[in-house]
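These notes concern the structure reproduced below.
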Amino acid sequence: MMDSDVKDCIIVGGGIAGLQAAIQLGRYSAYDVLVIDRGTGRSTICKSYRNILGWPDGVSGDELRQRGRKQAEAVGVTFAADDIRKAERDEAKYFVLTGKDGTRYRAKSMLLATGLMDRFPKLPGLMSTLGTSVFVCPDCDGYEIQDRKTVVLGSGDPGASMAILLSERAKEIIYVNHEGQPASSENMTQLANLGIPYIEKRVTEIQEEGGILSAVVLENGSIIRAERGFISFGGNMIYSELAEQLGAELEHNRHVKTDPRSKMTSVEMLWAAGDLGVHSELTTVAMGEGATAAIWIHKTLKKMTSQAVT
């Protein structure tokens with residue numbers, strides 16, 4: 001590759017944080033910005049975000065992504081469909097990324113917005129209800145179960161903790177420990193004190209109509225009627241491999257540590273935003289982090305240009 005092929009910034013991840021950063025960087029009209037996206041992620045499975053300013057009736061992750069890409073392209077940002085497997089730095093301190101088929105990309109700065117994916121079982125009916133009537137984030141969607149009969153599907157303590165947390169919102173709540181992993185005695189006592197039924201049985205099917213949960217079918221054939229659901233299995237996949245390859249500091253849970261003001265990682269010229277980092281995992285927070293990272297990428301690139309001229 002020639003130096004002319006070096007991008008000012010590469011954003012890895014075309015979800016909410018990555019797209020917001022791309023829009024912000026593109027609007028400076030000064031940089032060659034490339035977004036590399038593999039087309040999957042948490043936002044691709046959410047059918048309706050209802051806690052975003054201006055979308056009182058909800059908007060799907062797919063629509064947000066489509067609108068965001070169009071908006072970024074309109075200000076000069078380019079996109080590539082690829083799955084980055086390797087990240088390193090060359091002798092010139094440029095970031096060098098290698099895609100799944102060996103395509104290489106280079107950049108002066110990089111933003112990782114690769115996010116995470118919730119762990120959940122492959123159950124008939126589950127995918128069509130996610131983000132519509134079955135949720136993962138109590139801060140985002142606790143409101144949606146207000147005064148509704150709700151079932152929490154989970155594993156051990158993560159599911160028990162979610163059921164306890166949501167008990168103040170739901171009309172009635174039931175915890176189904178699908179994987180049968182043990183919950184702590186403290187959580188079991190709290191479930192009992194709150195009157196939350198505990199069922200340790202595998203789920204075989206989610207019954208729904210038009211994406212709205214109606215019942216959960218257990219392995220013994222019994223049916224639990226419900227209006228809404230939450231999942232909490234723990235062990236979510238944090239896509240921090242590229243950050244680790246570049247030597248960025250990680251939290252104990254593999255989320256990437258960043259400067260709270262700039263969102264830069266412990267590696268110079270490397271930023272991280274969205275669910276990959278340490279935050280409350282709201283879409284709106286991911287937007288803010290993407291914009292914040294872009295502002296500081298701009299500041300840093302501008303400073304580099306000024307120093308090169310002098």
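The values are calculated or read from the model by the stated rules, or taken from the named source; none is laboratory data. Remember, it's a predicted structure, so these values are computed and weren't measured experimentally. Virtual Cβ from ideal backbone geometry, glycine too; neighbours counted across all protein chains shown. The accessibility values were calculated without ligands, DNA or RNA, using every heavy atom of the protein model including side chains. Shrake-Rupley method; radii C 1.70, N 1.55, O 1.52, S 1.80 Å.
When G68, G14, G76, G54 are checked against the criterion of being among the small types (G, A, S), under 30 Å from I212 (Cβ atoms) and either open to solvent by 30 Å² or more (accessible area, probe 1.4 Å) or part of a strand (DSSP E or B) (or both), G54 stands alone in meeting it. When each of D57, D5, D62 is tested for being over 23 Å from G277 (Cα atoms), among the acidic types (D, E) and free of Cβ contacts under 8 Å to residues at least 40 places away in the same chain, the lone residue that passes is D57. Answer yes or no as to whether V216 is touching a residue at least 12 places away in the same chain (Cβ under 8 Å), in a strand (DSSP E or B) and not aromatic (F, W, Y). When the stated conditions are applied, V216 passes them.
The residues in the range 91-103 that are farther than 27 Å from S43 by Cβ and surrounded by 11 or more Cβ atoms within 10 Å (Cβ to Cβ) can be counted, and the count is 2. Considered as a group, the residues in the range 167-176 that are touching a helix residue (DSSP H, G or I) at 6+ places or on another chain (Cβ under 6 Å) and surrounded by 21 or more Cβ atoms within 10 Å (Cβ to Cβ) include one that is farthest from V216 (Cα to Cα), and that residue is A170.
The residues listed here are G229, G288; of these, the one that is surrounded by 15 or more Cβ atoms within 10 Å (Cβ to Cβ) and either of a type in the set (F, W, Y) or assigned to a strand (DSSP E or B) (or both) is G229. Of all residues in the range 95-144, those that are under 24 Å from L166 (Cα atoms) and small (G, A, S) total 5. So is V278 over 21 Å from the mean Cα position of the chain (by Cα) and of a type in the set (A, V, I, L, M, F, W, C) or not? Criteria not met by V278. Summed over the range 282-307, residues that are polar (S, T, N, Q) and in contact (Cβ under 8 Å) with a residue 40 or more places away in the chain total 3.
Here A113 does not qualify as at pLDDT 95 or above and farther than 22 Å from R65 by Cα. For L270, state whether it is without any contact (Cβ under 8 Å) to a residue 60 or more places away in the chain and more than 29 Å from V59 (Cα to Cα). So L270 fails the test.
For the range 191-200, the set of residues classified as under 13 Å from G159 (Cα atoms) and either open to solvent by less than 80 Å² (accessible area, probe 1.4 Å) or of a type outside the set (D, E) (or both) consists of L191, I196, P197, Y198, I199, listed by residue number. Among the residues of the range 17-49, the ones that are open to solvent by 30 Å² or more (accessible area, probe 1.4 Å) and assigned to a loop (DSSP other than H, G, I, E, B) come to 10 in all. Being touching a strand residue (DSSP E or B) at 6+ places or on another chain (Cβ under 7 Å) and assigned to a loop (DSSP other than H, G, I, E, B) is the filter; apply it to the range 254-285 and report the residue that is most open to solvent (accessible area, probe 1.4 Å). Ranking the qualifying residues of the range 254-285, first place goes to R254. Inspect all residues belonging to the range 136-159 and state whether any of them is among the hydrophobic types (A, V, I, L, M, F, W, C), assigned to a loop (DSSP other than H, G, I, E, B) and open to solvent by 30 Å² or more (accessible area, probe 1.4 Å). Within the range 136-159, one or more residues are among the hydrophobic types (A, V, I, L, M, F, W, C), assigned to a loop (DSSP other than H, G, I, E, B) and open to solvent by 30 Å² or more (accessible area, probe 1.4 Å).
For the criterion of being of a type outside the set (A, V, I, L, M) and either closer than 20 Å to V35 by Cβ or touching a residue at least 24 places away in the same chain (Cβ under 8 Å) (or both), H252 fails.
Within the range 176-203, residues that are at positive phi and in contact (Cβ under 8 Å) with a residue 60 or more places away in the chain have Cβ atoms under 9 Å from residues that are surrounded by 13 or more Cβ atoms within 10 Å (Cβ to Cβ) and hydroxyl-bearing (S, T, Y) in no pair, counting only partners at least 6 apart in sequence or on another chain.
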